[in-house]
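Chemist: Got a structure for you, written out below as structure tokens; questions coming shortly.
Quick note: the coordinates plus some simple rules give every number you see, no bench work behind them. Being a predicted model, the structure only gives us computed values, none of them experimental. So basically every Cβ, Gly included, is an ideal-geometry build from the backbone, and we count neighbours across all protein chains shown.
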């Protein structure tokens, strides 16, 4: 990343392993290990790459312009870096299940569907409109926010000079949203994508290769899609090579597109596609060695990667409660429990 004066290295440190999530802040990066430890690199002008010990053990990370966020495993949030964000974080923030970092503001989703926002509020992005509740997913862009409501529709607030806070009428069945500098992206339950807002660099021109996607992400002026094959499609602005996907970007299970760069998280062999907030029943999918999506029951000896870094056969994992249909608007907690003595678990919140 070039800031006009110097090159800021955002290439992840060599030798990283056991990583379960990566986040791009444009001029710095974060990687979350399976043991809850966070590694940071890149620009540290505001202290955004100096991870405090209070952030451990983390369950999720997010990165903005000059600041970083960590959602701890106990549902609390720690922020560091840019003082305008860190000093304005609401006190006592807890019960959080998702976090998102905008340019200079932050957003958190609680288990009860309520939201908390803080940081810059020049366009209203650092506050939450009173009419927004019962959310199931979030994304923060440059001065605006997007939220998936439990009925599968999307709402937005904040900046909107290009219409980025206004999703297309009739947009529904949305399971994930992403936000860039001035554009929004939505993934529907059938795997199709919808984009809106600024299209100056073609960031809304969804390529044929991304007509069906498993996940999405957005950078400042580019868009990303994780394909069912484990490959990645990137389109939009390419001033720093954002859309030049390297050949080694295969078997991908996670990605981040903050600023003018792209991070992807790769796995080898049989890998668990972790459950995410979305519509419908919980589905456990697995990427095979050649990128094919397969069902766990087709591989009797499949092993799932646990949050305590242990590997367990699929047959030894327990899903509590058993998958069942829920009433419209209801959110339920699903625990995937490791039978090891530690009984660490993943939590997946799912909205019908």
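Chemist: Give the number of residues within the stretch 11-29 that are part of a strand (DSSP E or B) and without any contact (Cβ under 8 Å) to a residue 40 or more places away in the chain.
Modeler: 0
Chemist: Sticking with this one: Can you list the strands (runs of 3 or more DSSP E) lying wholly within the stretch 217-265 that have 2 or more residues being within 24 Å of residue 104 (Cα to Cα) and in contact (Cβ under 8 Å) with a residue 12 or more places away in the chain?
Modeler: Where strands (runs of 3 or more DSSP E) fall fully within the stretch 217-265 and carry at least 2 residues being within 24 Å of residue 104 (Cα to Cα) and in contact (Cβ under 8 Å) with a residue 12 or more places away in the chain, they are 222-226, 252-256.
Chemist: Being under 28 Å from residue 78 (Cβ atoms), touching a strand residue (DSSP E or B) at 6+ places or on another chain (Cβ under 9 Å) and surrounded by fewer than 23 Cβ atoms within 10 Å (Cβ to Cβ) narrows it down to one residue among 159, 166; which is it?
Modeler: Just a single option satisfies the conditions, and that option is 159.
Chemist: Residue 51 passes all but one of (1) out of contact with any strand residue (DSSP E or B) (no Cβ under 6 Å at 6 or more places or on another chain); (2) surrounded by 16 or more Cβ atoms within 10 Å (Cβ to Cβ); which number fails?
Modeler: Result: residue 51 fails condition (1) only.
Chemist: Take the residues in the stretch 82-93 that are over 24 Å from residue 177 (Cβ atoms) and in contact (Cβ under 8 Å) with a residue 12 or more places away in the chain, then tell me which one is surrounded by the fewest Cβ atoms within 10 Å (Cβ to Cβ).
Modeler: Once the filter is applied, the top-ranked residue is 83.
Chemist: Which numbered condition trips up residue 169, out of (1) in contact (Cβ under 8 Å) with a residue 12 or more places away in the chain; (2) part of a loop (DSSP other than H, G, I, E, B)?
Modeler: So the condition that residue 169 fails would be (1).
Chemist: What number goes with the only condition from (1) crowded, with 18+ Cβ neighbours inside 10 Å; (2) over 20 Å from residue 258 (Cβ atoms) that residue 109 does not pass?
Modeler: Just one mismatch for residue 109, condition (2).
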